[in-house]
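Written out below as structure tokens is the structure these notes cover.
The values are calculated or read from the model by the stated rules, or taken from the named source; none is laboratory data. Fair warning: this is a prediction, and the values are worked out from it, not measured in the lab. Counting neighbours? That spans all protein chains shown, and the Cβs are built from the backbone with ideal geometry, glycine included. Surface accessibility is based on the protein's heavy atoms, side chains included, excluding ligands, DNA and RNA. Shrake-Rupley method; radii C 1.70, N 1.55, O 1.52, S 1.80 Å.
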Amino acid sequence: MSTPVSAPAPAGAPTPGTPAHETAEAQSGAKRFAETLIRVRELGLIVVLIAIVGITGAINSDFLDWGNLKETILNVAIIAVMTAGMTLVIVTRNIDLSVGSILGLSAFLCGDLLTKNPDLPWIFGVLLAIVIGAACGLLNGVLVTWGRVPALVVTLGTMYALRGVAFLVTGGRQINAETLPDSFLNVGSGEIAGIPTMILIAIVVILLFWFVTRDFAWGRQLYAIGSSGRSGGNAARLAGLKSDRRVTQAFVISGALAGLGGALYAARYGTVDATAGDGYELRVIGAAVVGGVAIAGGSGSVIGAAIGAVVMGTIQTALIVLKIDDFWQQAAVGALILVAIALDRFVANQSEARLRQRSARRRKTA
């Protein structure tokens, strides 16, 4: 007598002995978890970050060495500071391609000032870098708002122009760590209460602008300006928002934080020339996009952009530890950005669909 073989249960059907309501609750919980991962982009990024660290550490335990992790975070700190300013610009439906050139120019002038005036407190060098960056940001903001020139065109031009100014100012010279004050170099390599100073500075900047964009009217207005971009900004202006002033302020802050990044760059690496910060603009924009800042404006957070910077920095370090070819390293980062953009569009479409359904229900019940 042959033993009867039962047909396999279809996917999603309750297994024998499992109450139907428990299975339904489990499925509902999994669905809610998936929806939360999609809605709270920062949570999804943290899950991705943990997975990258775990998988890479399992393959090569050297990756989990504290010294290696510390170097990774320190290298990301400058990018994280600059993403805070870039986030403000992008949420207004603009972009700033000049931040890498601003970093290079401000880093050299900061180092040059402290080299020529070794008795000058290092904070003056940092302030000079921030002021130079803010002035460059003001130029971008004025050209974009008053000149009515697209930000992509303006900042592409200033990116090359400021890099040219950097070559002119340096005159082929290079700032070396031997000529910089030790007190300034300690900003890049020192610690406060066991935590690297650069990481503390990055955390303060990120939390400051996260609170400003989340809890203050000024920050919320930036999102409103970016959201009304599809109407040419008319919606924001009709609502009484001073769009041009807010956009200019966002560019000034982005420039100032790029200048601060320049000072941190000089303190961290000690060696600065006219090519410092070359390519940083793409790394900063990429980190913001990976962190969930919508390139079309109107959504995203400073915290998400900072986590995006950490994810990208960790991936690059992991690929190096795993001895992946340079070509595939670039390809992996590019693929990550494409996935982030695709996920951003998916989340945006889901949000619009939910809003349409909610509006339909309200009309039906009215």
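May I ask for the net charge around residue 56, where only other residues with Cβ less than 15 Å from the Cβ of residue 56 are counted and Lys, Arg are +1 while Asp, Glu are -1?
Value of the local net charge: -2.
Using a 1.4 Å probe and counting only protein heavy atoms, arrange 244, 326, 215 so the residue with the most accessible area comes first.
326, 215, 244
Arrange the peptides 327-334, 254-261 so that the one whose residues have, on average, the most other Cβ atoms within 10 Å appears first. Spell out each step's value before the answer.
Working: 327-334: 13.1, 254-261: 30.4.
Output ranking for 327-334, 254-261: 254-261, 327-334.
Subtracting the Cα-Cα distance from 0.36 nm times the residue separation, let me have the gained length for residue 353 to residue 237 in nm, one decimal.
Fully extending the segment from residue 353 to residue 237 adds 39.1 nm.
With the contact rule set at Cα under 8 Å and sequence spacing of 6 or more, what percent relative contact order holds for region 174-320?
Values: 132 pairs, mean separation 43.0, N = 147.
Reported as a whole number, the value is 29 percent.
Using a Debye calculation, one point per C-alpha and no hydration shell, please list log10 I(q)/I(0) for region 42-101 at q = 0.12, 0.14 Å⁻¹ in order.
-0.46, -0.59
Which order do the peptides 67-73, 296-302 take when ranked by the mean count of other beta-carbon atoms within 10 Å per residue, highest first?
Going from most to least packed, we get 296-302, 67-73.
How much accessible surface area, in Å² rounded to 10, belongs to the heavy atoms of residue 167 with a 1.4 Å probe?
110
Quick one: which residues, 5+ away or cross-chain, put their amide H under 5 Å from the amide H of residue 96? H built at 1.01 Å from N.
none
Can you pull the one-decimal nm distance between simple spin-label points at residue 195 and residue 61, each 7 Å off the Cα toward Cβ?
Using points 7 Å along Cα→Cβ, the separation is 3.0 nm.
What is the sum of charges, Lys and Arg at +1 and Asp and Glu at -1, for the other residues whose Cβ falls under 14 Å from the Cβ of residue 122?
-1
Which ³J(HN,Hα) values in Hz, rounded to whole numbers, follow from the phi angles of region 99-116 under the Karplus curve 6.51 cos²θ - 1.76 cosθ + 1.60, where θ = phi - 60° and Gly and Pro get x?
5, x, 5, 4, 4, x, 5, 5, 5, 5, 5, 4, x, 5, 4, 6, 5, 7
If we count every other residue with Cβ under 15 angstrom of residue 68's Cβ, Lys/Arg +1 and Asp/Glu -1, where does the sum land?
-1
Go through 278, 65, 96 and list them by solvent-accessible area, largest first, probe radius 1.4 Å.
The most accessible residue leads, giving 278, 65, 96.
For residue 165 and residue 43 in the same chain, what is the full-extension length gain: residue separation times 0.36 nm, less their Cα-Cα distance, in nm?
39.8 nm
Roughly how much of residue 283 is accessible, in Å² to the nearest 10, using a 1.4 Å probe?
Rounded to the nearest 10, that gives 90 Å².
How do 206, 59, 303 rank by accessible surface area computed with a 1.4 Å probe, from largest to smallest? Spell out each step's value before the answer.
Numbers: 206 20, 59 115, 303 40 Å².
Result, largest first: 59, 303, 206.
At a probe size of 1.4 Å, how large is the accessible area of residue 62, to the nearest 10 Å²?
Its accessible surface works out to 110 Å², give or take rounding.
With all protein chains present, how much of the accessible area of region 212-366 (probe radius 1.4 Å) comes from carbon and sulfur, to the nearest whole percent? Intermediate values should be presented prior to the final figure.
Working: 4480 of 7560 Å².
It is 59 percent, rounded to a whole number.
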